[in-house]
1. Using the heavy atoms of the protein chains and a 1.4 angstrom probe, tell me the accessible area per residue for segment C:26-111 in square angstrom.
2. Could you state the number of Å between the C-alpha centres of segment D:118-132 and segment A:57-111?
3. Could you give the semi-axes, largest first, of the ellipsoid that matches segment B:1-124, computed as the square roots of 5 times the alpha carbon gyration tensor eigenvalues and rounded to whole Å?
4. What is the pair-distance distribution P(r) of segment C:153-231, computed from all Cα-Cα distances in 10 Å bins starting at 0, with each bin given as a whole percent?
5. Just how much of residue C:235 is accessible, in Å², when a 1.4 Å probe is used and the result is rounded to the nearest 10?
6. Evaluate the distance, in nm, between pseudo-label points positioned 7 Å from the Cα of residue A:81 and of residue A:37 along their respective Cα→Cβ axes.
7. Residue-wise, which Karplus ³J(HN,Hα) couplings in Hz belong to segment D:41-58, taking 6.51 cos²θ - 1.76 cosθ + 1.60, θ = phi - 60°, and x for glycine or proline?
8. Within a 10 angstrom radius of each residue's Cβ in D:125-131, how many Cβ atoms of other chains show up on average? Whole number is fine.
Protein chains: 4
Amino acid sequence: MKPLRVTIWNEYLADRTKRTRAGKLYPGGMHEHLKQALAAPDLDIRTAWLGKDINHGLSDRVLKETDVLLWWGHGAHGMVRDKVADRVVARVHEGMGFIPLHSSHMAKPFRRLMGTPCTLRWRENDDKCVLWNVNPNHPITQGVPLHFALEKEEMYGERFDIPQPDELIFLSWFEGGNVFRGGCTFTRGAGRIFYFHPGHETHPSFHDENVLRVIGNAIRWAAPPEPRDFMPNAVMKPIIEK
Amino acid sequence: MKPLRVTIWNEYLADRTKRTRAGKLYPGGMHEHLKQALAAPDLDIRTAWLGKDINHGLSDRVLKETDVLLWWGHGAHGMVRDKVADRVVARVHEGMGFIPLHSSHMAKPFRRLMGTPCTLRWRENDDKCVLWNVNPNHPITQGVPLHFALEKEEMYGERFDIPQPDELIFLSWFEGGNVFRGGCTFTRGAGRIFYFHPGHETHPSFHDENVLRVIGNAIRWAAPPEPRDFMPNAVMKPIIEK
Amino acid sequence: MKPLRVTIWNEYLADRTKRTRAGKLYPGGMHEHLKQALAAPDLDIRTAWLGKDINHGLSDRVLKETDVLLWWGHGAHGMVRDKVADRVVARVHEGMGFIPLHSSHMAKPFRRLMGTPCTLRWRENDDKCVLWNVNPNHPITQGVPLHFALEKEEMYGERFDIPQPDELIFLSWFEGGNVFRGGCTFTRGAGRIFYFHPGHETHPSFHDENVLRVIGNAIRWAAPPEPRDFMPNAVMKPIIEK
Amino acid sequence: MKPLRVTIWNEYLADRTKRTRAGKLYPGGMHEHLKQALAAPDLDIRTAWLGKDINHGLSDRVLKETDVLLWWGHGAHGMVRDKVADRVVARVHEGMGFIPLHSSHMAKPFRRLMGTPCTLRWRENDDKCVLWNVNPNHPITQGVPLHFALEKEEMYGERFDIPQPDELIFLSWFEGGNVFRGGCTFTRGAGRIFYFHPGHETHPSFHDENVLRVIGNAIRWAAPPEPRDFMPNAVMKPIIEK
């Protein structure tokens, strides 16, 4: 069985130097950290980032060779070229899995796939966060307990302005009184999408074993099961004759 | 009670002259026909069309004063300015109801609200069409029988590449062997959307009393129940103190 | 316009005497309290309770004359006769609205309408509870703020073993670290259902203005818009002849 | 990897003798036919039927040892003992996959899992049937074309009185003018359910390669991915201390 081809995309700004808290938590960048943390025989992982090249490392060819794309962006959504964002959307429609993490709820490809503002309430206040697994028989939650905690995370709270998810997977509780639909699946075209909220750059969430297990499960779940024809607008002759 | 402010938007190309079949069926244009056919004391209806002005008749002000927007476009989706399409999308997010008709499944505002290709199979072959009411206790189907027929319609068939609808209202049967999820609701931001497939310009579907009843019901259903705050991305203080 | 015929059903055990906390909070019983608190010109409210008569006050005739049924039960679900539970289910299928409150998540009619265990995690520990309105453009949340708090409520938490709701209306936050899908809509047959979690008998939740507004809105939302034929299994002749 | 343990349950009345059309199409019964037609190295298939023993062949032990249960019943739903129906429902809640076929839309376990009447319109008139695959990237439709036809099937048509499915997989077209949501998934407790409409006893639908592929795919999809704890109503201590 061929390994799944995974591309991890990172904005790679806050974590670029070792002087920031993000840089200390994720030396080499979050993409490099996740690549190592998710390494497995069935995954063939590459990375890309905003400043890699004129395509942010996401040329047509890279995307054609990607089964599942992870995306982490925060402060520089506006710097992502429209052309690249549209290319990602088109590949999702063709069947590429897409896993936007944390603040990527405002990333161009995610918002274009949702068709809603994707806004939410937020707070950087080191809230304790408890994630509740509300879909315990879903492939994404295999091996994940009924609940697990992150000692500190950025608060992301309702109302989260998304379309009704296909499936609700995680609900998050925050110390300061907020709740959040923090793990949701969507289908767009032939592509599967999983949004997952942990991963603020100043917190060690991508070192947490449950967070990593969820992302790893989501990669396998989002991978297209086989090559499928994308169906364009097309004329069709009658099946039944008059 | 104030009447609902309805704007009917029409591409107004095929039906512009009396020499075409569309022009004969809808003298003055489909928008004018629908305005008269839907007239009621609780509705304040205006019209707009592609060539009306540089905004296609949909200035910021018109949209701010519109509770529900109907949209009919077919051959000239590409001529709708991106700026106007984005303005419509933004107003739907704020709560304006939106009712794309027939070939508007490929209209810019609808596709941007869906986040999918919205493609389908189609055929201009005068297929008989039977519409099945699969949601008989929905406000949109009040007074509508379990099924009704249109003697001739353009075939629109699966696979229709939309996100899973909030509610499936009508399923259509076509003589040539096709089926179609031809009446679907969606919520995007604070706005309600109802897509409805009848209305090919060379067929008299907008003269059919059941089609008109459905559209009339949908207008009342899609109208925002009251002014509501649109919720932007916003910082939020803790509700519960540490 | 004829008033909606509402029946409020209460187990009426814990609140039967003035010596209990429940009895002190709700003299005459919760049903009597809710009847007065929800009184409005467009509602014609009657009450019924477990010990009222052999049908628990819910004869065929009472149910036929009920547009929306509220249900509060807690410790005596097993005492409700199967025949009465089935009668309630049948009326919901015919279009009667149904609003199970608080511990009625385990009531016979609700469980039979859901087809799942409807189990959850719970705790009587006077947790503070914050309810989040995640569906701000829904009729049930008209006039309800983005969030509101109950100083003390019984904790009801995930995983709540229900089918995926048609719509998620409220998510609840609890002081002790739990979250709950505490306000959900479902459709079963022609009937609309709204489950809402506040209302522990030892807390004054049914004195809270937001809780009462939600219940009042839900009654109007759940009311059948018109008499509708219930559709039995039936033979059907071809619409299209071979 | 251990094979999936599949039990095929058949009413086994119409197909019991070789004198009936059903008996000629399915010598030994539909269960025996399906057992052979679905045989594969990863499946360990056993059969059971109404008259097998006092439990209709579905003892506690058999169900505990079943990962996925197929069910075919038609004329004798009322003869299935309530106790056995409840046992099937309880096992689905624990995670057993359940695949009701054809007229099993009225079988006791299916109706109890749905909570609705599950009624529909029907006609025995040898209608040609076209099945449309509306979810082409779903595991159940792997290897299944966009559409395929059955020359003759019993017409099953809308309105089908089920709760909104989790996913719509197939829509069926019938020669006589009807449509049907003929392939639908549901989740109930930890169990996955797939209803699929072909399989009238006087038609050779279970000889059709596409029908068999769909059922085979559905078995693998419905199988529980691992043993999971079923979560009862339970008291829970605070995670966060006051």
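1. Each residue of segment C:26-111 exposes 37 Å² on average to a 1.4 Å probe.
2. If we compute the Cα centre of each part, the gap is 43 Å.
3. One finds semi-axes of 21, 20, 13 Å for segment B:1-124.
4. Distribution as computed: 16, 43, 30, 9, 1 percent.
5. 100
6. 3.0
7. x, 8, 10, 10, 9, 10, 10, 8, 8, 3, x, 5, 7, 5, 9, 6, x, 10
8. If you average over the peptide's residues, the count of other-chain Cβ atoms is 3.
The values are calculated or read from the model by the stated rules, or taken from the named source; none is laboratory data. Note that the structure is a prediction, hence the values are computed from the model and not measured. Cβ sites come from the backbone with ideal geometry, for glycine too, and all protein chains shown count toward neighbours. Side chains are part of the model used for accessible areas, which takes the heavy atoms of the whole protein and leaves out ligands, DNA and RNA. Shrake-Rupley method; radii C 1.70, N 1.55, O 1.52, S 1.80 Å.
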